[in-house]
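As C-alpha coordinates, the structure follows; a few thoughts come after it.
The values are calculated or read from the model by the stated rules, or taken from the named source; none is laboratory data. In this text the structure is predicted, and so the values were computed from the model without any measurement. Don't worry about glycine lacking a Cβ; one is built from the backbone with ideal geometry, like all the others, and counts go over all protein chains shown.
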Amino acid sequence: MEVTTERAVLYLDLTPDVDDSLTEVITGLSSDFQVLPSKLFYDKAGSILFDQITKLDEYYPTRTERMLLESIVGEIKEELPDDVILVEYGSGSSEKTHDLLRKIDSISTYIPIDISREHLLKAAERIKMDFPSLTVLPVCADYSARIDLGLEDVASEQFAVFFPGSTIGNFERTDAINFLVRIREMLGRGGHLMIGVDLKKSLDILLPAYNDSLGVTAAFNLNILAHINRRFDSNFILDHFSHEATYNEIDGRIEMYLVADVDMVVDVGDCSFSFRSGDKICTEYSHKYTLKEFEVLADQAGFDVTRAWTDEANLFSFQLLVAR
(Lines give C-alpha, C1' and ligand atoms only; values in the text may rest on other atoms or scores of the structure.)
Protein backbone atom coordinates (compact mmCIF):
# COMPACT_ATOMS: atom_id res chain seq x y z
CA MET A 1 0.00 0.00 0.00
CA GLU A 2 1.42 3.38 -0.98
CA VAL A 3 1.00 6.31 1.38
CA THR A 4 2.09 9.73 0.16
CA THR A 5 3.53 12.15 2.70
CA GLU A 6 4.78 15.66 2.17
CA ARG A 7 8.27 14.66 1.05
CA ALA A 8 8.43 10.86 0.98
CA VAL A 9 6.37 7.99 -0.40
CA LEU A 10 5.80 4.84 1.61
CA TYR A 11 6.99 2.37 -0.97
CA LEU A 12 5.78 -0.72 0.84
CA ASP A 13 3.63 -1.12 3.93
CA LEU A 14 4.17 -4.53 5.49
CA THR A 15 3.14 -3.61 9.03
CA PRO A 16 2.53 -6.86 10.95
CA ASP A 17 -1.10 -7.79 11.41
CA VAL A 18 -2.44 -6.95 14.88
CA ASP A 19 -3.73 -10.51 15.36
CA ASP A 20 -0.33 -11.96 14.48
CA SER A 21 1.42 -9.71 17.00
CA LEU A 22 -1.15 -10.53 19.69
CA THR A 23 -0.56 -14.24 19.08
CA GLU A 24 3.20 -13.68 19.59
CA VAL A 25 2.55 -11.91 22.89
CA ILE A 26 0.17 -14.59 24.18
CA THR A 27 2.52 -17.39 23.09
CA GLY A 28 5.47 -15.70 24.79
CA LEU A 29 3.61 -15.15 28.06
CA SER A 30 2.22 -18.70 28.02
CA SER A 31 5.66 -20.34 28.00
CA ASP A 32 7.53 -21.45 31.13
CA PHE A 33 10.23 -18.90 30.26
CA GLN A 34 8.08 -15.84 29.65
CA VAL A 35 9.21 -13.56 26.85
CA LEU A 36 7.90 -10.61 24.85
CA PRO A 37 8.88 -9.83 21.23
CA SER A 38 11.40 -6.98 21.38
CA LYS A 39 9.99 -5.45 18.18
CA LEU A 40 7.15 -4.16 20.38
CA PHE A 41 9.61 -1.73 21.98
CA TYR A 42 9.35 0.43 18.90
CA ASP A 43 6.07 2.27 18.89
CA LYS A 44 6.28 6.07 18.70
CA ALA A 45 7.07 6.49 22.40
CA GLY A 46 9.59 3.65 22.39
CA SER A 47 11.42 5.01 19.35
CA ILE A 48 11.73 8.41 21.04
CA LEU A 49 13.04 6.79 24.22
CA PHE A 50 15.58 4.75 22.28
CA ASP A 51 16.86 7.91 20.59
CA GLN A 52 17.36 9.33 24.09
CA ILE A 53 19.24 6.20 25.16
CA THR A 54 21.70 6.60 22.28
CA LYS A 55 22.69 10.02 23.67
CA LEU A 56 23.30 8.87 27.26
CA ASP A 57 26.81 9.09 28.71
CA GLU A 58 26.70 5.43 29.74
CA TYR A 59 25.55 4.16 26.36
CA TYR A 60 28.79 3.80 24.42
CA PRO A 61 27.65 1.91 21.25
CA THR A 62 26.09 4.76 19.27
CA ARG A 63 28.73 7.44 19.78
CA THR A 64 31.55 4.89 19.39
CA GLU A 65 30.12 3.58 16.15
CA ARG A 66 29.52 7.07 14.74
CA MET A 67 33.10 8.12 15.52
CA LEU A 68 34.36 4.88 13.98
CA LEU A 69 32.26 5.39 10.86
CA GLU A 70 33.52 8.94 10.52
CA SER A 71 37.10 7.68 10.47
CA ILE A 72 36.56 4.82 7.97
CA VAL A 73 33.88 6.13 5.62
CA GLY A 74 36.49 6.82 2.92
CA GLU A 75 37.62 3.19 3.05
CA ILE A 76 34.02 1.98 2.90
CA LYS A 77 33.39 4.16 -0.17
CA GLU A 78 36.28 2.50 -2.00
CA GLU A 79 34.74 -0.93 -1.43
CA LEU A 80 31.28 -0.06 -2.79
CA PRO A 81 30.29 0.02 -6.48
CA ASP A 82 28.78 3.00 -8.28
CA ASP A 83 25.02 3.56 -8.23
CA VAL A 84 24.52 1.74 -4.93
CA ILE A 85 21.07 0.82 -3.63
CA LEU A 86 21.39 1.09 0.16
CA VAL A 87 18.93 -0.96 2.25
CA GLU A 88 18.89 -0.28 6.00
CA TYR A 89 17.27 -2.68 8.44
CA GLY A 90 15.88 -1.08 11.60
CA SER A 91 16.62 2.41 10.29
CA GLY A 92 15.11 4.32 13.24
CA SER A 93 16.05 7.99 13.03
CA SER A 94 18.55 7.31 10.17
CA GLU A 95 21.14 9.55 11.85
CA LYS A 96 24.08 7.30 11.00
CA THR A 97 22.81 7.09 7.44
CA HIS A 98 23.23 10.88 7.17
CA ASP A 99 26.91 10.35 7.95
CA LEU A 100 27.23 7.87 5.09
CA LEU A 101 25.22 9.87 2.57
CA ARG A 102 27.27 13.00 3.15
CA LYS A 103 30.47 11.14 2.26
CA ILE A 104 29.40 8.41 -0.18
CA ASP A 105 27.95 10.07 -3.27
CA SER A 106 27.63 6.77 -5.16
CA ILE A 107 24.45 5.89 -3.20
CA SER A 108 21.56 6.50 -5.59
CA THR A 109 18.68 4.92 -3.67
CA TYR A 110 17.98 4.57 0.04
CA ILE A 111 15.47 2.00 1.33
CA PRO A 112 14.99 2.35 5.11
CA ILE A 113 13.04 -0.45 6.81
CA ASP A 114 11.55 0.02 10.27
CA ILE A 115 8.53 -1.20 12.23
CA SER A 116 7.70 2.20 13.73
CA ARG A 117 5.76 3.74 10.85
CA GLU A 118 5.53 7.34 12.03
CA HIS A 119 9.19 7.42 13.06
CA LEU A 120 10.15 5.87 9.72
CA LEU A 121 8.27 8.43 7.63
CA LYS A 122 9.62 11.42 9.56
CA ALA A 123 13.17 10.14 9.16
CA ALA A 124 12.60 9.51 5.44
CA GLU A 125 11.28 13.06 5.02
CA ARG A 126 14.40 14.49 6.69
CA ILE A 127 16.67 12.39 4.46
CA LYS A 128 14.82 13.51 1.33
CA MET A 129 15.01 17.13 2.41
CA ASP A 130 18.76 16.94 3.01
CA PHE A 131 19.50 14.87 -0.11
CA PRO A 132 16.91 15.92 -2.71
CA SER A 133 18.50 14.00 -5.60
CA LEU A 134 18.39 10.73 -3.63
CA THR A 135 15.56 8.27 -4.24
CA VAL A 136 14.09 7.41 -0.81
CA LEU A 137 11.75 4.42 -0.56
CA PRO A 138 10.76 3.72 3.07
CA VAL A 139 9.33 0.32 3.99
CA CYS A 140 7.27 -0.25 7.14
CA ALA A 141 7.89 -3.86 8.16
CA ASP A 142 9.18 -6.28 10.77
CA TYR A 143 12.67 -6.67 9.35
CA SER A 144 13.29 -9.84 11.35
CA ALA A 145 10.86 -11.60 8.99
CA ARG A 146 11.39 -12.32 5.30
CA ILE A 147 10.73 -9.20 3.20
CA ASP A 148 10.14 -9.09 -0.55
CA LEU A 149 11.24 -5.69 -1.87
CA GLY A 150 10.38 -6.58 -5.46
CA LEU A 151 13.86 -5.70 -6.71
CA GLU A 152 14.85 -9.05 -8.19
CA ASP A 153 15.84 -7.50 -11.53
CA VAL A 154 18.53 -5.31 -9.97
CA ALA A 155 22.10 -6.60 -10.24
CA SER A 156 23.22 -8.06 -6.91
CA GLU A 157 26.49 -6.11 -6.96
CA GLN A 158 24.48 -2.88 -6.75
CA PHE A 159 23.03 -3.76 -3.36
CA ALA A 160 24.47 -2.86 0.01
CA VAL A 161 22.75 -3.49 3.31
CA PHE A 162 23.44 -1.16 6.22
CA PHE A 163 22.78 -2.73 9.63
CA PRO A 164 24.47 -0.56 12.26
CA GLY A 165 24.01 -0.29 16.00
CA SER A 166 24.91 -3.88 17.00
CA THR A 167 21.27 -4.89 16.50
CA ILE A 168 22.49 -8.26 15.26
CA GLY A 169 23.20 -8.94 18.94
CA ASN A 170 19.47 -8.94 19.71
CA PHE A 171 19.12 -12.26 17.88
CA GLU A 172 19.96 -15.56 19.51
CA ARG A 173 22.83 -17.10 17.57
CA THR A 174 20.78 -19.54 15.48
CA ASP A 175 18.30 -16.77 14.69
CA ALA A 176 21.18 -14.43 13.85
CA ILE A 177 22.48 -16.93 11.29
CA ASN A 178 19.01 -17.35 9.79
CA PHE A 179 18.57 -13.58 9.60
CA LEU A 180 21.93 -13.15 7.88
CA VAL A 181 21.02 -15.93 5.45
CA ARG A 182 17.88 -13.98 4.46
CA ILE A 183 20.01 -10.88 3.88
CA ARG A 184 22.44 -12.91 1.74
CA GLU A 185 19.56 -14.29 -0.31
CA MET A 186 18.20 -10.79 -0.84
CA LEU A 187 21.62 -9.39 -1.75
CA GLY A 188 22.77 -12.15 -4.08
CA ARG A 189 26.37 -13.14 -4.73
CA GLY A 190 28.73 -10.18 -4.43
CA GLY A 191 26.32 -7.99 -2.46
CA HIS A 192 27.73 -6.02 0.48
CA LEU A 193 26.63 -6.00 4.11
CA MET A 194 27.87 -3.21 6.38
CA ILE A 195 27.21 -4.21 9.97
CA GLY A 196 27.90 -2.97 13.49
CA VAL A 197 28.96 -5.62 16.00
CA ASP A 198 29.37 -4.93 19.71
CA LEU A 199 32.46 -6.48 21.26
CA LYS A 200 32.97 -8.28 24.54
CA LYS A 201 34.33 -5.93 27.21
CA SER A 202 34.58 -5.13 30.91
CA LEU A 203 31.34 -5.29 32.87
CA ASP A 204 32.25 -1.88 34.33
CA ILE A 205 31.47 -0.47 30.88
CA LEU A 206 28.85 -2.94 29.74
CA LEU A 207 26.39 -3.01 32.63
CA PRO A 208 25.91 0.77 33.04
CA ALA A 209 25.03 0.99 29.34
CA TYR A 210 21.84 -0.96 30.11
CA ASN A 211 21.25 0.44 33.62
CA ASP A 212 21.69 4.18 33.13
CA SER A 213 21.50 6.54 36.09
CA LEU A 214 18.66 8.60 34.58
CA GLY A 215 16.41 5.57 34.18
CA VAL A 216 15.82 6.07 30.46
CA THR A 217 16.51 2.41 29.67
CA ALA A 218 14.10 1.40 32.43
CA ALA A 219 11.41 3.62 30.90
CA PHE A 220 12.16 2.14 27.47
CA ASN A 221 11.82 -1.39 28.85
CA LEU A 222 8.55 -0.62 30.66
CA ASN A 223 7.13 1.07 27.59
CA ILE A 224 6.76 -2.35 25.94
CA LEU A 225 3.95 -2.99 28.45
CA ALA A 226 2.39 0.39 27.71
CA HIS A 227 2.50 -0.44 23.99
CA ILE A 228 0.82 -3.79 24.60
CA ASN A 229 -1.85 -2.04 26.69
CA ARG A 230 -2.58 0.45 23.92
CA ARG A 231 -2.46 -2.02 21.07
CA PHE A 232 -4.23 -5.00 22.59
CA ASP A 233 -6.41 -3.36 25.26
CA SER A 234 -4.42 -5.08 28.02
CA ASN A 235 -4.16 -3.93 31.64
CA PHE A 236 -0.52 -4.14 32.68
CA ILE A 237 0.21 -1.69 35.51
CA LEU A 238 3.71 -0.39 34.78
CA ASP A 239 4.38 0.56 38.41
CA HIS A 240 4.05 -3.13 39.32
CA PHE A 241 7.17 -4.03 37.31
CA SER A 242 10.85 -3.11 37.57
CA HIS A 243 13.63 -3.03 34.98
CA GLU A 244 16.53 -5.47 35.28
CA ALA A 245 19.56 -5.94 33.00
CA THR A 246 22.25 -8.51 33.77
CA TYR A 247 25.13 -10.12 31.90
CA ASN A 248 25.09 -13.84 31.12
CA GLU A 249 28.75 -14.80 31.00
CA ILE A 250 28.14 -18.26 29.51
CA ASP A 251 26.12 -17.00 26.53
CA GLY A 252 28.01 -13.70 26.23
CA ARG A 253 24.96 -11.46 26.35
CA ILE A 254 23.08 -8.80 28.22
CA GLU A 255 19.65 -10.06 29.25
CA MET A 256 16.91 -7.53 29.89
CA TYR A 257 13.88 -8.37 32.00
CA LEU A 258 10.75 -6.88 33.52
CA VAL A 259 10.40 -8.18 37.09
CA ALA A 260 7.02 -8.37 38.83
CA ASP A 261 7.09 -6.46 42.13
CA VAL A 262 3.72 -7.78 43.38
CA ASP A 263 1.38 -10.70 42.79
CA MET A 264 -1.08 -9.84 40.02
CA VAL A 265 -3.32 -11.05 37.21
CA VAL A 266 -3.06 -9.36 33.80
CA ASP A 267 -5.51 -9.66 30.90
CA VAL A 268 -4.12 -9.76 27.36
CA GLY A 269 -6.69 -10.30 24.64
CA ASP A 270 -8.92 -13.14 25.77
CA CYS A 271 -6.23 -14.60 28.05
CA SER A 272 -5.31 -13.95 31.67
CA PHE A 273 -1.84 -14.38 33.12
CA SER A 274 -0.91 -14.70 36.79
CA PHE A 275 2.35 -13.27 38.04
CA ARG A 276 3.97 -13.82 41.40
CA SER A 277 6.28 -11.25 42.91
CA GLY A 278 9.76 -11.91 41.47
CA ASP A 279 8.54 -13.48 38.21
CA LYS A 280 10.48 -12.26 35.17
CA ILE A 281 9.54 -11.49 31.58
CA CYS A 282 12.48 -11.47 29.17
CA THR A 283 12.25 -8.53 26.76
CA GLU A 284 15.63 -8.49 25.01
CA TYR A 285 19.00 -10.12 24.55
CA SER A 286 22.09 -8.23 23.41
CA HIS A 287 24.87 -10.61 22.44
CA LYS A 288 28.49 -9.48 22.43
CA TYR A 289 31.13 -11.04 20.20
CA THR A 290 34.85 -11.29 19.66
CA LEU A 291 35.95 -10.59 16.09
CA LYS A 292 36.64 -14.30 15.57
CA GLU A 293 33.26 -15.36 16.95
CA PHE A 294 31.42 -13.07 14.58
CA GLU A 295 33.58 -14.16 11.62
CA VAL A 296 32.50 -17.75 12.28
CA LEU A 297 28.85 -16.66 12.51
CA ALA A 298 29.09 -14.74 9.24
CA ASP A 299 30.76 -17.68 7.50
CA GLN A 300 27.93 -20.00 8.56
CA ALA A 301 25.49 -17.58 6.92
CA GLY A 302 27.42 -17.47 3.64
CA PHE A 303 29.36 -14.23 4.11
CA ASP A 304 33.06 -13.45 3.99
CA VAL A 305 34.33 -10.70 6.30
CA THR A 306 36.50 -8.54 4.05
CA ARG A 307 37.15 -5.70 6.51
CA ALA A 308 36.70 -5.33 10.28
CA TRP A 309 37.43 -2.00 11.93
CA THR A 310 37.47 -1.30 15.69
CA ASP A 311 37.81 1.83 17.78
CA GLU A 312 40.99 2.43 19.77
CA ALA A 313 39.47 1.05 22.98
CA ASN A 314 38.14 -2.07 21.22
CA LEU A 315 34.60 -1.39 22.42
CA PHE A 316 32.89 -1.78 19.07
CA SER A 317 33.49 -3.04 15.56
CA PHE A 318 32.13 -2.12 12.17
CA GLN A 319 32.49 -4.81 9.52
CA LEU A 320 32.14 -5.15 5.77
CA LEU A 321 30.87 -8.53 4.57
CA VAL A 322 30.45 -9.84 1.03
CA ALA A 323 27.89 -12.49 0.12
CA ARG A 324 29.31 -15.68 -1.42
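Taking the criterion of being under 14 Å from the mean Cα position of the chain (by Cα), charged (D, E, K, R) and over 22 Å from Ile281 (Cα atoms), the only residue of the stretch 35-56 that qualifies is Asp51.
Taking (1) surrounded by fewer than 15 Cβ atoms within 10 Å (Cβ to Cβ); (2) free of Cβ contacts under 8 Å to residues at least 24 places away in the same chain in turn, Gly190 satisfies each apart from (2). Does at least one position in the stretch 34-42 carry a residue that is part of a strand (DSSP E or B), modelled with pLDDT of 95 or more and in contact with a Cys (Cβ under 9 Å, 6 or more places away or on another chain)? Yes - at least one qualifying residue is present in the stretch 34-42.
Among the residues of the stretch 269-296, those identified as among the β-branched types (Val, Ile, Thr) and over 14 Å from Phe241 (Cβ atoms) are Thr290, Val296.
Applying a threshold of 7 Å to beta carbon distances and a minimum spacing of six or more residues, or different chains, the list of pairs starting in the stretch 246-261 at a residue that is touching a residue at least 12 places away in the same chain (Cβ under 8 Å) and ending at one that is loosely packed, with under 15 Cβ neighbours inside 10 Å and β-branched (Val, Ile, Thr) reads Glu255/Thr246.
Take the conditions in contact with a Leu (Cβ under 7 Å, 6 or more places away or on another chain), surrounded by fewer than 19 Cβ atoms within 10 Å (Cβ to Cβ), farther than 25 Å from Lys55 by Cα and among the charged types (D, E, K, R) and apply them to Asp270. Does it pass? The answer is no for Asp270. Kindly establish whether Asp311 is within 18 Å of Leu68 (Cβ to Cβ), surrounded by fewer than 22 Cβ atoms within 10 Å (Cβ to Cβ) and charged (D, E, K, R). Yes: the conditions hold for Asp311. Going through the stretch 201-228 one residue at a time, which ones are loosely packed, with under 15 Cβ neighbours inside 10 Å and either over 30 Å from Ala45 (Cα atoms) or of a type outside the set (Ser, Thr, Tyr) (or both)? Residues satisfying the conditions are Ser202, Leu203, Asp204, Ile205, Leu207, Leu214, Gly215. Can you say whether His243 is of a type outside the set (Asp, Glu), more than 15 Å from Val35 (Cβ to Cβ) and in contact with an Asp or Glu (Cβ under 9 Å, 6 or more places away or on another chain), as far as the supplied structure shows? Taking the combined requirement at face value, the residue does not satisfy it. Apart from one condition, Asp251 fits all of (1) farther than 22 Å from Asp43 by Cβ; (2) acidic (Asp, Glu); (3) surrounded by 15 or more Cβ atoms within 10 Å (Cβ to Cβ); the exception is (3). Taking every residue in the stretch 29-43 that is under 14 Å from Ser116 (Cβ atoms) and pairing it with any residue that is among the hydrophobic types (A, V, I, L, M, F, W, C), at least 6 positions away or on another chain, the pairs with Cβ-Cβ distances below 6 Å are Lys39/Ile115; Leu40/Ile224; Phe41/Ile224; Tyr42/Ile115. If you go through the stretch 266-275 and pick out every residue that is free of Cβ contacts under 8 Å to residues at least 24 places away in the same chain and not in a strand (DSSP E or B), you end up with 1. Which numbered condition trips up Leu320, out of (1) among the hydrophobic types (A, V, I, L, M, F, W, C); (2) under 18 Å from the mean Cα position of the chain (by Cα); (3) exposed (fewer than 14 other Cβ atoms within 10 Å of the Cβ)? Of the numbered conditions (1) among the hydrophobic types (A, V, I, L, M, F, W, C); (2) under 18 Å from the mean Cα position of the chain (by Cα); (3) exposed (fewer than 14 other Cβ atoms within 10 Å of the Cβ), the odd one out for Leu320 is (3). Scanning the stretch 74-94 for residues that are at negative phi and either surrounded by fewer than 16 Cβ atoms within 10 Å (Cβ to Cβ) or not assigned by TED's automatic domain parsing to the domain that holds Ala123 (or both) gives Gly74, Glu75, Lys77, Glu78, Glu79, Pro81, Asp82.
Sort out for me the helices (runs of 4 or more DSSP H) sitting completely within the stretch 155-265 that have 3 or more residues that are modelled with pLDDT of 95 or more and more than 30 Å from Arg324 (Cα to Cα).
Qualifying helices (runs of 4 or more DSSP H): 203-209, 216-232.
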